[in-house]
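Comments concern the structure below.
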Amino acid sequence: MGVKAALPRYELYVYNVVLCMAMLWAARWIFDVSSSNSNKKTFKITVQPGWYYSGRKMDTADVEWMMWFSTFRVHIIFALSGHVIFAKICSLLAPQYRSLVFMVYGMLAVFTSMGWAYVMLILSHCVLLYSISLVKLRWLCFVAGLTTLATFKMEPFISWQAGFVTGNFDLRPLLFYGGCGFTVMRCMSFALENCERKDGNYSILELLKYNFYLPFFYFGPIMTFDKFYIQANNPDLTRKDGEMWNISIQGLLHLGVIMIVAVLFHFMYILTIPNDMKLLKHISDWALVGLAYLNLVYDWVKAAVMFGVINTVSRLDHLDPPKPPKCITMLYVFSETHFDRGINEFLCKYVYNYLGGKHEDVLDELIASLCTFGITALWLGPSWVVFIWSFLNCFGLNFELWTAKLFSMEPFISIEMAISDSMSRRIRAVFNTFNFWTIVLYNVLALKSLEFAKLVANRLLLKGFPFTTITVMFVTYCLIQLIKEKERRQALIDDPDPIPIPIPIPIPPPAPVPAPTSTDPSITQMDAAATQPVDPNKQKAE
């Protein structure tokens, strides 16, 4: 209930006004802190000279963003442009060999950037995991893949393997760990798909084509082998009407977002301020809450832009890559929370859905979520912060299922059936408000630090109670209602309600003898529908 329930238009106007005013107010506080001359000591290291004509310095705390769009921008553009050119030439002259050209160009690019020793290290892991995949045992492929992944996350194996790679430049560690980590995950996907193949085995050449596709090699996203194999070997290279126009618009949109982020970094130092705990203790509650929220929004923007640039290149190669992550602003349930849709699809297909089935049984859901977040913790790199983050998100995911199970029982189901759809939507939004800030605090813990997350929670729930707590929760409630309104309109577009067509009911002829009164079939159907239990999966999605 409540998905397609509409609210009065004036109520939605109020929500929009409240949300806009709150965001402008928080942005004003953060701008004042960023412009204060008393904070020069905090900004000394990570705030560097920016655009000359802006007259302001720039927040450079995110090393990964600066490498992508500043330090090594020319190198990345050169490598991806070369890939697009060679792929286009091959698509025109010999489209049946385009996947082979992808592999050759990718290997040459990896060799040029990291050297032969790195290429041989990657090949050794590919050969090892390919050999194990020939046994066609899922559990053995998982054990081998996760063990191999652990060698890039734990000492002394990291240092030993990194010693094979010569050269020293700023981007080298990022390329080394990114290429190795994604290689292992791709090899696991290949091995698991090979286990599902009933007739024969995939060749090792198909694995190398899959792994050395340059746009995905260093930074992802992960595209499962079954999808890549079909799309990369598809001989039909015709495009849909308007597809190239959509790709061009997508590229220009990413360019525009990059410029907006650059402007933001000149006026709001949202990445540097959270690193100074002394400064954070003196700023207002609104500024602190706004910082936590904006850091999550920025991390989503970064993932969306970086994956979006790569996805634009892969779409030019006639591939359908994983979509960018769902915006953190739109998330109020744990079941949809992710920052990397490729990893999310990988874990859902091979672990979460495989073990959890329909996600209706509490025990199966617990086992599936524990295994999923266990692999996620290994992927992110074992540490106390990662373990805490994994535990909290695992608990939140299971708690949603437990709550859905509870509220699908009596007397809750009868109470919800008795109230209007719009009131059901408002009540659900209240619960989703607390869920939203739980997701924010859990992910701030992983993105920034444990101290910053504790400070935000303390100011939001304890020190700021009741004024800050109630105000922030009300603003969040407005946001949730606007999200639900967008989902309602999308649901109506995707699955509009059929227009009922009245069917005339014939009047029976008078009977010679009085017959017993029968129940009206339409009333019987309405009564039966009113007693149907609500699907907990639908409740989770709402």
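The values are calculated or read from the model by the stated rules, or taken from the named source; none is laboratory data. If you're wondering where the values come from, they're calculated on a predicted model, not measured in any experiment. Cβ atoms come from the backbone with ideal geometry, glycine included; neighbour counts cover every protein chain shown. Keep in mind that these areas ignore ligands, DNA and RNA; they rest on the heavy atoms of the full protein, side chains included. Shrake-Rupley method; radii C 1.70, N 1.55, O 1.52, S 1.80 Å.
The combined condition, being touching a residue at least 40 places away in the same chain (Cβ under 8 Å), surrounded by fewer than 19 Cβ atoms within 10 Å (Cβ to Cβ), assigned to a helix (DSSP H, G or I) and not β-branched (Val, Ile, Thr), is not fulfilled by residue 70. The single residue among 292, 303 that is among the small types (Gly, Ala, Ser), out of contact with any strand residue (DSSP E or B) (no Cβ under 6 Å at 6 or more places or on another chain), open to solvent by less than 40 Å² (accessible area, probe 1.4 Å) and modelled with pLDDT of 90 or more turns out to be 292.
If the condition is being touching a residue at least 60 places away in the same chain (Cβ under 8 Å) and open to solvent by less than 20 Å² (accessible area, probe 1.4 Å), then the range 313-328 contributes 313, 314, 317, 319, 321, 322, 328. As a summary of the residue check, residue 88 satisfies the conditions (1) part of a helix (DSSP H, G or I); (2) within 28 Å of the chain's Cα centre (by Cα) except for the one numbered (2). Which members of the range 98-127 meet the condition of being open to solvent by 60 Å² or more (accessible area, probe 1.4 Å) and closer than 28 Å to residue 316 by Cα? Once the filter is applied, which keeps residues that are open to solvent by 60 Å² or more (accessible area, probe 1.4 Å) and closer than 28 Å to residue 316 by Cα, the range 98-127 yields 100, 104, 108, 111, 112. If we scan the range 77-86, do we find a residue that is open to solvent by less than 80 Å² (accessible area, probe 1.4 Å) and at pLDDT below 85? Looking for residues that are open to solvent by less than 80 Å² (accessible area, probe 1.4 Å) and at pLDDT below 85, one finds none in the range 77-86, hence no. Applying the condition of being under 23 Å from residue 216 (Cα atoms), of a type outside the set (A, V, I, L, M, F, W, C) and part of a loop (DSSP other than H, G, I, E, B) to the range 128-165 and asking which residue is least open to solvent (accessible area, probe 1.4 Å) yields 151. Considering only the range 1-50, how many residues are more than 30 Å from residue 418 (Cα to Cα), in a helix (DSSP H, G or I) and open to solvent by less than 40 Å² (accessible area, probe 1.4 Å)? Adding up the residues that qualify gives 9. Among all residues of the range 411-423, there is none that is open to solvent by 60 Å² or more (accessible area, probe 1.4 Å), in contact with a helix residue (DSSP H, G or I) (Cβ under 9 Å, 6 or more places away or on another chain) and within 25 Å of residue 277 (Cβ to Cβ).
Look at the range 40-52: where a residue is within 16 Å of residue 274 (Cβ to Cβ) and hydrophobic (A, V, I, L, M, F, W, C) and a partner is open to solvent by 80 Å² or more (accessible area, probe 1.4 Å) and part of a loop (DSSP other than H, G, I, E, B), sitting 6+ places away or on another chain with Cβ atoms under 9 Å, you get 47/40.
Within the range 329-341, residues that are more than 17 Å from residue 402 (Cβ to Cβ) and touching a residue at least 40 places away in the same chain (Cβ under 8 Å) reach partners that are surrounded by fewer than 17 Cβ atoms within 10 Å (Cβ to Cβ) and not acidic (Asp, Glu) with beta carbons closer than 7 Å, at six or more positions or on different chains, in the pairs 329/297; 341/323. Identification of helices (runs of 4 or more DSSP H) wholly contained in the range 448-530 with 3 or more residues that are modelled with pLDDT under 85 yields 467-494, 521-530. Taking the criterion of being free of Cβ contacts under 8 Å to residues at least 40 places away in the same chain, more than 19 Å from residue 78 (Cβ to Cβ) and under 31 Å from the mean Cα position of the chain (by Cα), the only residue of the range 91-122 that qualifies is 119. From the list 347, 406, the lone residue that is surrounded by fewer than 18 Cβ atoms within 10 Å (Cβ to Cβ) and without any contact (Cβ under 8 Å) to a residue 40 or more places away in the chain is 406. Taken residue by residue, the range 489-499 has no member that is surrounded by fewer than 19 Cβ atoms within 10 Å (Cβ to Cβ), in contact with a helix residue (DSSP H, G or I) (Cβ under 8 Å, 6 or more places away or on another chain) and under 29 Å from residue 339 (Cβ atoms).
Every residue, every condition in (1) at pLDDT 90 or above; (2) over 22 Å from residue 346 (Cα atoms), yes or no:
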{"site": "377", "(1), (2)": "yes, no"}
{"site": "382", "(1), (2)": "no, no"}
{"site": "389", "(1), (2)": "yes, no"}
{"site": "397", "(1), (2)": "no, no"}
{"site": "426", "(1), (2)": "yes, yes"}
{"site": "432", "(1), (2)": "yes, yes"}
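Taking the criterion of being hydrophobic (A, V, I, L, M, F, W, C) and either touching a helix residue (DSSP H, G or I) at 6+ places or on another chain (Cβ under 6 Å) or within 14 Å of residue 312 (Cβ to Cβ) (or both), the residues of the range 76-94 that qualify are 76, 77, 79, 80, 84, 86, 87, 90.
Would you call residue 208 crowded, with 16+ Cβ neighbours inside 10 Å and more than 28 Å from residue 94 (Cα to Cα)? The answer is no for residue 208.
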